[in-house]
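Taking it in order: structure first as structure tokens, then the write-up.
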Amino acid sequence: MIATLSLLRTRFQEAVARAHGVDGVDVQVLPASNPQFGDLQVNVALQLAKAVGKPPRAIAEGIVAELQLDDFCETPTIAGPGFINLKLKTSYLDATLNATYADTRLGVAPAAQPLRTVVDFSGPNIAKEMHVGHLRSTIIGDSIARIYEFLGHDVLRLNHVGDWGTQFGMLIAFLRDTQPSALTDASTLDIGDLVGFYKRAKLRFDTDDEFKERARREVVKLQSGDPESLFAWKLLCDQSRVAFEKIYQTLDIKITERGESFYNPLLPAVVEDLEAQGLLTESDGALCVFVDGFMNKEGNPLPLIIRKTDGAYNYATTDLAAVRYRINEDHAKCVVIVTDIGQSDHFAQVFAVARLAGWLPDDVRMVHVPFGLVQGEDGKKFKTRSGETVKLSDLLDEAVVRARAHLDERLDSEGREETEEFKADLADKVGIAAVKYADLSVNRGSNYVFSFDKMLALQGNTAPYMLYAYVRVQGIARKGDVDFASLAGLDNIHIVEPSERDLAKHLLELDDVLARIAEDFLPSRLCTYLFELSQKFNHFYENCPVLNAEEPTRTSRLALADLTARTLQLGLSLLGISTVDRL
């Protein structure tokens, strides 16, 4: 709650220290298991039983005797073996809600120490179309960036695209043979053509030794700065960027491209510095770093290859150069890298080498944020019927088409007439919102099943359900001709009914939810919070008349409804989702 949970944890730590001489105990403040016990519950007494050597209930009694909570809680009570139950004073709830209502940030204070933060996300490969796997990296990374920005951190959003390496040698060599004009004229190919050529080039690379050798020579020419090769490479990159940008516009993603090629001039220094520190070991002709604790499946030490046998660099070298640049040049104090879970071991090893080399200081937080697979309804990796990887552009188009079909069906059943402009705009917003929310609402470490029907449903933990709760408040304003702006700055909110109290307490938890996401990078926490907020609002709406209530209750409930809508709007915006006034 608005600093309430943090304050409670501090007060409990102080009480534990005074009562039992234990400092710095981890205090968990949780919702009470039953409303009749109060609002919040603390089980720290059970945690301390072994350390203190007393029965939990006796420990709880000692803590309660030392607690100083009169300014915002009723007298604490002890239940069961030693649970300490707390009930917030109604006067405190009222005052905090009214302060929140008057605050444009809804009570969420900016970070006391803003950090220069790099969020590395999306990361498609040039000459390949973005697919459903890029959806997760893109929207998870965007949401983390949005939350960090809202909390006041200085965020650099980076797109570490795959725009360098062997694939370009393959593609350039293949195009020289089959479509040489594509290497000099940008209008010759589009992204779909490039993908087809890339697949054919890869097949030939895997089966034709002569072609493989020519492709490798093209890589060497490119890396050495050959003007003709660089021109061809730039054309291929530009064509891919056009396709990427269309998707980013559809998803409302702001991101700065800094691909693998950016770090190419910095790679020799990575090798030189590791060698100067005596960290490089030659293994089968390759230069590697071995770090304690990393083993392969056979139980042998697992090397991080820095330079391959043929003298070429690889992903690890580039990632180490990126670590150095982001710390030394971007001055980042927090670096977040969002990729699939399959790269977890790779980044753990890269970070370990960076620490070993002294490039990653203790005051810089370097985090890999992994995510699971998108699965089809058969539980297997999400693919088209023909077995192809699903193109992200096709998936987003399909979402909008299906959202429009759902809308048309609902309008027909309600006998409503709407303009084509309204229907097209709503279908676009709801379709994209549904896709984003369905992904973000799942713990990112888990796989999830992609289902258009589930994500577009008006009931359940879905974007349409959240949007419906927001729309319901706008409907109240339209029906009652209410100008919510006129309520600003007044102490209107006074909690009386149980469903009002339940909604009020939940509204005040937003700051704690965002603080936790800033630590564990789980946007699903925000989705859960918003879903529960919508449920509690709907329960409040069903049990507490708003427009028909007598004053001052009417104005209090209007303000409570408006605060709910503003919280939903803010929360959804941090997920990259826009609200609508009508559904």
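General observations
- Stokes-Einstein diffusion for region 253-296, with the hydrodynamic radius set to the Kirkwood value over Cα pairs and evaluated at 10 °C in a medium of 1.306 mPa s, equals 122 µm²/s.
- Whole-angstrom Cα spans of the chain along principal axes, big to small: 83, 69, 42
- Distance from region 241-262 to region 443-459 (C-alpha centre basis), Å: 25 Å
- Across the chain, Cα pairs under 8 Å and at least six residues apart give a relative contact order of 15 percent.
- At 1.306 mPa s and 10 °C, Stokes D of region 181-230 from Kirkwood alpha-carbon radius, µm² per second: 131 µm²/s
- Anisotropy class of region 329-488 from Cα gyration tensor, a/c 1.5 cut: oblate
- Flagged links, alpha-carbon separation over 20 Å, of Lys89/Lys505; Lys234/Lys254; Lys87/Lys505: Lys234/Lys254
- Once both labels are positioned 7 Å from their Cα atoms along Cα-to-Cβ, the gap between Asp340 and Leu356 label points is 2.7 nm.
- Counting only protein heavy atoms and using a 1.4 Å probe, the accessible area of Thr555 comes to about 30 Å².
- The fraction of all Cα pairs in region 196-336 landing in successive 10 Å bins from 0 to the largest distance is 9, 27, 34, 24, 6, given as whole percents.
- Gyration tensor verdict on region 146-276 (Cα atoms; rounded if a/c is under 1.5, prolate if a/b is larger than b/c, oblate otherwise): oblate
- Semi-axis lengths, largest first, of the ellipsoid equivalent to region 397-553 are 29, 24, 13 Å, with √(5λ) applied to each eigenvalue of the Cα gyration tensor.
- Cα gyration tensor shape of region 1-85, rounded if a/c is under 1.5, else prolate or oblate by comparing a/b with b/c: oblate
- For the chain, share of DSSP beta bridges that run antiparallel, in % to the nearest 5: 50 percent
- A Cβ-based charge dipole, computed about the Cα centre of the chain with Lys and Arg at +1 and Asp and Glu at -1, lands at about 700 debye.
- Estimated distance in nm for a label pair at Glu149 and Leu203, the labels positioned 7 Å out from Cα along Cα-to-Cβ: 4.3 nm
- Directionally averaged projected area (convex hull, Cα atoms, region 86-159), nm²: 7.9 nm²
- Per-pair calculated FRET efficiency, R0 = 41 Å: Asp330 and Asp70 via Cβ, rounded to 0.05: 0.30
- Values of log10 I(q)/I(0), in the order q = 0.26 Å⁻¹, for region 460-507 under a Debye, Cα-only, solvent-free model: -1.10
- By accessible area with a 1.4 Å probe, ligands and nucleic acids excluded, highest first: order of Ile495, Ile341: Ile341, Ile495
- Using the Cβ-Cβ distance between Asp193 and Arg410 with R0 set to 51 Å, the FRET efficiency works out to roughly 0.80.
- When Phe174, Phe150 are compared by accessible area at a 1.4 angstrom probe, the order from most to least is Phe150, Phe174.
- Averaged over its residues, region 240-356 has an accessible area of 50 Å² per residue, based on protein heavy atoms and a 1.4 Å probe.
- Accessible surface for His160 stands near 30 Å², nearest 10, in the context of the full protein assembly shown (1.4 Å probe).
- Using the Cα coordinates of region 365-453, the gyration tensor eigenvalues translate into equivalent-ellipsoid semi-axes of 30, 16, 12 Å, sorted from longest to shortest.
- Per residue solvent-accessible surface (Å²) - region 438-551, probe of 1.4 Å: 43 Å²
- Region 1-40: translational diffusion in µm²/s, Stokes-Einstein, Kirkwood Rh over Cα pairs, 10 °C, 1.306 mPa s: 143 µm²/s
- Spatial offset of region 508-530 relative to region 275-340 amounts to 33 Å, using the alpha carbon center of each.
- Just so you know, the Cα atoms of region 438-482 work out to an Rg and Dmax of 14.4, 46 Å.
- Rolling a 1.4 Å probe across the protein heavy atoms gives region 78-211 an accessible surface of 36 Å² per residue.
- All Cα pairs of region 37-87, percent lying beyond 15 Å: 39 percent
- Extent of region 109-223 along its three principal axes (Cα atoms, max minus min coordinate, largest first): 62, 27, 26 Å.
- Computed over protein heavy atoms with a 1.4 Å probe, the carbon and sulfur contribution to the accessible area of the chain reaches 49%.
- Per-residue ellipticity at 222 nm from helix content only, as computed over the chain with -39500 (n - 2.57) for each DSSP H run of at least four residues, stands at -17000 deg cm²/dmol.
- Computed accessible area, Thr419, all protein chains, 1.4 angstrom probe, square angstrom: 80 Å²
- Here each label is just a point 7 Å from Cα along the line to Cβ, and for Glu388 and Phe231 those points are 3.3 nm apart.
- Hz values of 3J(HN,Hα) by residue in region 5-16 - Karplus curve (6.51, -1.76, 1.60), Gly and Pro given as x: 5, 5, 5, 4, 4, 5, 4, 5, 4, 5, 5, 5
- Region 45-118: radius of gyration over Cα atoms, expressed as a fraction of 2.2 N^0.38 Å: 1.60
- Area projected by the alpha carbon convex hull of region 132-184, averaged over all directions, nm²: 5.7 nm²
The values are calculated or read from the model by the stated rules, or taken from the named source; none is laboratory data. Keep in mind it's a predicted model, so treat the numbers as computed, not measured. Neighbour counts run over all protein chains shown; Cβ positions are idealised from the backbone, glycine included. Quick note on the areas: whole protein, heavy atoms, side chains included, nothing else; ligands and nucleic acids left out. Shrake-Rupley method; radii C 1.70, N 1.55, O 1.52, S 1.80 Å.
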